[in-house]
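Okay, structure first, notes after.
The values are calculated or read from the model by the stated rules, or taken from the named source; none is laboratory data. Source: prediction; values computed, not measured. Note: ideal-geometry Cβ built from the backbone for every residue, glycine included; neighbour counts use all protein chains shown.
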Amino acid sequence: MNKTLHEVIARKKAVGDFLLSLYITAGYPHLKDTPQIILELDKAGVDFIELGIPFSDPLADGPVIQKASQIALNNGFRISHTFEILKEVRQQSSIPILLMSYLNPIYHYGIETFLNQAHIWGANGLIIPDLPLEERGLFTPFLDKYALDLIYLLPPNAPDERLHAIDDASTSFVYVVAYAGVTGRENSDPIHILPFLQTLKKSLTHPFLVGFGIHSHQDIAFYSRYADGVIIGSAFIKYLEKVTEKNIPKKTREFVHALTSPPA
Amino acid sequence: MSSSFSRLPDTQGYFGEYGGRYVPPQLEKVLQEITEAYEKIRNDESFQKELDYLYKQYAGRPSPIFHAKTLSERCGGAQIYLKREDLNHTGAHKINHCLGEVLLAKRMGKKKVIAETGAGQHGVALATAAALLNMECDIYMGDIDMEKEHPNVTRMRILGAKVIPVVRGTRTLKDAVDAAFEAYLADPETIFYAIGSVVGPHPFPMMVRDFQSIVGKEAREQFQEMTGKLPDYLIACVGGGSNAMGLFNAFLEDKEVRMYGVEPSGLSLNEGEHAASLTLGKPGVMHGFKSYMLQDEEGNPLRVYSVASGLDYPSVGPQHSFLKDIKRVEYVTVNDQEAIDAFFELSRVEGIIPALESAHAVAYAMKVAPTLPKTTTLLINLSGRGDKDIEFVVNKYGKNYGL
Ligand SMILES: Cc1ncc(COP(=O)(O)O)c(C=O)c1O
C-alpha cells in the first residue's frame, strides 16, 4: 500500500471532491518532454498521473495510444527512462504516479527488480492491463515491501462475482473501464453504463475511477455524479500531437483548464 | 498407462508454466463462455457427428499417408512417409480447426467470425467454413502480406469474406493478431475470434489442438495398418504450431516415437532474419499467453522473417514450450535455402508441390534420413500444398532450378 496515493484519495473524498487523473505515454511526444508535462499537470490541479511505459503491442489500447507508444519507442525510449522521469519529477513534486505497463516488459525486466526500482524512484502504484486477477500473485508478495498499490481494471461486462473479487483484491481504488473495447473510442455515450455505475456505487467498498473514451468537460460532468473520478488518456495524447515542444507547459495547462471549467 | 499429457492444459489453461489467459479484463467473460461452450460440445455427440461429417464429406478426410519411396531412396537412409494434409479442401490442415471453430461459433449464436492471417491459408480456410455455415467473416491481414499473397486475398473475397488491411507496426502477422484482438475487444458478444493456430489465451491453444488432433489420430491408425508399427520419427513445421500439435498429440504417450518440430532459421540466426522462437527465444507474455518468444531486452517482440509467411511469428503455441522444456519434442531449424531445395526436390521426384511451410519439415527429413538405417521410418506432416507459393518461388529462386 502506498501512503501518498491513499492520502490524496482520502483528502478528496473527505470534501466530496472528484478525482482527476491523466495518462501520458512516457517518452512522447519527445523523449525528454515527460517530466515537464507531469509537473505542469500537477500545477494545473490534476490529482494523479498514469505514466504509460510504451510497448509495441498494447492489446488494450486504441490507435491513438498505439501510435504514441510507437513514437516513444522510435524516440529511443528504454524502461530505464521511466526511472529517470520519476527522479526528475520527484525533485519538485509528490503527485502520485502510477506506472502503467503491459506485463511482458516488467516480466522481462524482472518483476521484483522493477518494483524495487519503482519504489526507489518514487512511483506509487501500478496498472497492468493484461495481468489477470488470477495472476496477481506474481506481484502481491512485493507490494507492501515496496509500498506500491496494484490497481485492477473492472470491465462493464463483469459478472457479479468478478466485481466482488476485484473489489476484494483492490487496495486503493478500482479502475472502471467505460465500455468493452480499446482506449480512445470517441463516440462512447456514457449513458449506457449508468446502471452499471449505480450498481458499483452500492456494491464496491473502494472508490472507483472511470477511464476509456473520456474526452470532454461534458463527460466529466456526467461521471462526477456517479463515480469518484475519471482517468483521461487518448484525448490528452491526441491533443499533444499538435503541440510544439516549447508550447508544452502552456498547452498542458490549457487542456486541463478546458476539462475542468465549464465551456464559456 | 494413465495419460500425463491428455489432461493438459489445466483448468486455467496452463501447460506447465506456459499458456494462461493474459488479456484485458473486458475479454475474460467471453473467453470463459467459449471455454464452457467448448467443454460442452467436446462431449456432445451431435456436434462431433456434424464435424465428422464435414471432415469426411466436405474436407475430404481422412487424408492418406504416402510412402515417398523415391525421395527415401535418394536420401539413402530412413523411409519417408507423408501425411497428406495438402490434399484437404483449401489445401492445408487449417480447414480442420476452422470447421470446428465456426461450428462452435454458430452453436454459440455468434453472427461473425474474425481472424488474423499471415500467408492467407488460415484466412481462406476460415472464409470457406464461414461461407459453408453462413456466417459473416472478417480477416485481418498485414498489407505487406496482402501484396505477397494476393491470390489468397482474392480467394477470401470470392468466398464473401472482408479482408481488412493492417497498416500498423510491422504490417505482418503479429500486427494482424493485434488488429483482430482490437476488433474482438470492441464487440466480443457478437463476434467469435477464430484464432489461426494453437496460440492466444485459453481456451484457444487447447481447442485448436483438439480440432487438429484428427491428423494424428488418423495417422496413428493408418501408419500401423501400412507398416504394422508406429513411426520412429514424427516431423512437422512449427509456426504457431497447429499442424505439429495435430500430428504429435496422438503419439505423446508413445515414448518410442521421437518428435521433431522444425522452426524457420530464415536467412541466418541473426536478429530479424529468422523466426525460431523456441530455439532462440525466452519465455514471455504476448497476445494473451505465456510462451517462448523472440523479444528484445526490453520485452518488445522482435522482427521476424521466414521465406514461409505462415511461419514468421515471434512466439509459439504454449504446449510446444512445455514439450520443449520436458524434452518430449526436439525443436530444430531449417533455413530458407534448405526449404527451397526441399520444395523442388519433393515436386520433382514425387510430383507433390509442398507449401513453403511444409517444405521446412521435408527439408529436415532430408537432412536426417541419410544418417539413419533403412528400417527407420519418418512421418512428415505435409501440412499444405504449394499452389499459393509458386509465383513467388519461381520469381525469386527459379533460375537456380532451371526456370
Ligand atoms: C501449410 C501451412 N503449414 C504450416 C503453417 C504454420 O502454422 P502452424 O504452425 O500453426 O501449423 C501454415 C500457416 O499459415 C500453413 O499455411
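Numbers below:
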item: Region B:96-124 residues that are more than 18 Å from B:Gly160 (Cα to Cα) and within 14 Å of chain A (Cβ to nearest Cβ), paired with ones that are within 16 Å of the ligand (Cβ to nearest atom) and hydroxyl-bearing (Ser, Thr, Tyr) (beta carbon under 8 Å, 6 or more apart); result: none
item: Test: B:Leu71 is of a type outside the set (Gly, Ala, Ser), assigned by TED's automatic domain parsing to the domain that holds B:Ala219, in contact with a strand residue (DSSP E or B) (Cβ under 6 Å, 6 or more places away or on another chain) and away from the ligand (no atom under 16 Å from the Cβ); result: yes
item: Condition broken by B:Lys162, with the remaining ones in (1) away from the ligand (no atom under 16 Å from the Cβ); (2) in contact with a Cys (Cβ under 8 Å, 6 or more places away or on another chain); (3) closer than 27 Å to B:Lys56 by Cβ satisfied; result: (3)
item: Selection within region B:53-80 - part of a helix (DSSP H, G or I) and under 16 Å from B:Thr376 (Cα atoms); result: B:Lys69, B:Thr70, B:Leu71, B:Ser72, B:Glu73, B:Arg74, B:Cys75
item: Qualifying residue in region B:281-290 (condition: in a loop (DSSP other than H, G, I, E, B), more than 13 Å from the ligand (Cβ to nearest atom) and aliphatic (A, V, I, L, M)); result: no
item: Candidate set: region A:139-159, residues that are in contact (Cβ under 8 Å) with a residue 24 or more places away in the chain and assigned to a helix (DSSP H, G or I); chosen: the one nearest to A:Lys202 (Cα to Cα); result: A:Leu143
item: Any hit, region B:109-122, residues being within 14 Å of the ligand (Cβ to nearest atom), in contact with a helix residue (DSSP H, G or I) (Cβ under 6 Å, 6 or more places away or on another chain) and in a helix (DSSP H, G or I); result: yes
item: Residues (over 30 Å from B:Asp175 (Cα atoms), hydrophobic (A, V, I, L, M, F, W, C) and outside any loop (DSSP other than H, G, I, E, B)) located in region A:1-36; result: A:Leu5, A:Val8, A:Ile9, A:Ala10, A:Ala14, A:Leu19, A:Leu20
item: Residue that is farthest from the other protein chains (Cβ to nearest Cβ) [pool: residues in region B:267-295 that are touching a residue at least 24 places away in the same chain (Cβ under 8 Å) and among the charged types (D, E, K, R)]; result: B:Glu273
item: Leading residue by the ranking (nearest to the ligand (Cβ to nearest atom)) among those in region B:238-251 that are assigned to a helix (DSSP H, G or I), aliphatic (A, V, I, L, M) and in contact with a His (Cβ under 8 Å, 6 or more places away or on another chain); result: B:Ala244
item: Out of A:Gly110, A:Gly122, sole residue that is free of Cβ contacts under 8 Å to residues at least 60 places away in the same chain, in contact with a helix residue (DSSP H, G or I) (Cβ under 7 Å, 6 or more places away or on another chain) and over 21 Å from A:Val177 (Cβ atoms); result: A:Gly122
item: Subset of region B:296-319 (residues that are away from chain A (no Cβ under 13 Å) and out of contact with any Asp or Glu (no Cβ under 7 Å at 6 or more places or on another chain)); result: B:Asp312, B:Val316, B:Gly317, B:Pro318, B:Gln319
item: Of all residues in region B:278-295 being out of contact with any Gly (no Cβ under 9 Å at 6 or more places or on another chain) and farther than 14 Å from A:His108 by Cα, the one that is surrounded by the fewest Cβ atoms within 10 Å (Cβ to Cβ); result: B:Leu280
item: Within region B:156-237, helices (runs of 4 or more DSSP H) holding 3 or more residues that are surrounded by fewer than 24 Cβ atoms within 10 Å (Cβ to Cβ), within 14 Å of another protein chain (Cβ to nearest Cβ) and not acidic (Asp, Glu); result: B:173-186
item: Only listed residue being in contact (Cβ under 8 Å) with a residue 40 or more places away in the chain and either crowded, with 21+ Cβ neighbours inside 10 Å or within 11 Å of chain B (Cβ to nearest Cβ) (or both), chosen from A:Phe173, A:Phe196; result: A:Phe173
item: Meets criteria (touching a Cys at 6+ places or on another chain (Cβ under 7 Å) and in the same structural domain as B:Ala369 (by TED's automatic domain parsing)) for B:Val262; result: yes
item: Cβ-Cβ under 8 Å pairs, at least 6 apart or on other chains, region B:14-25 side away from chain A (no Cβ under 11 Å) and on the phi > 0 side of the Ramachandran plot, far side of a type in the set (Ser, Thr, Tyr) and in a strand (DSSP E or B); result: B:Gly19/B:Ser291
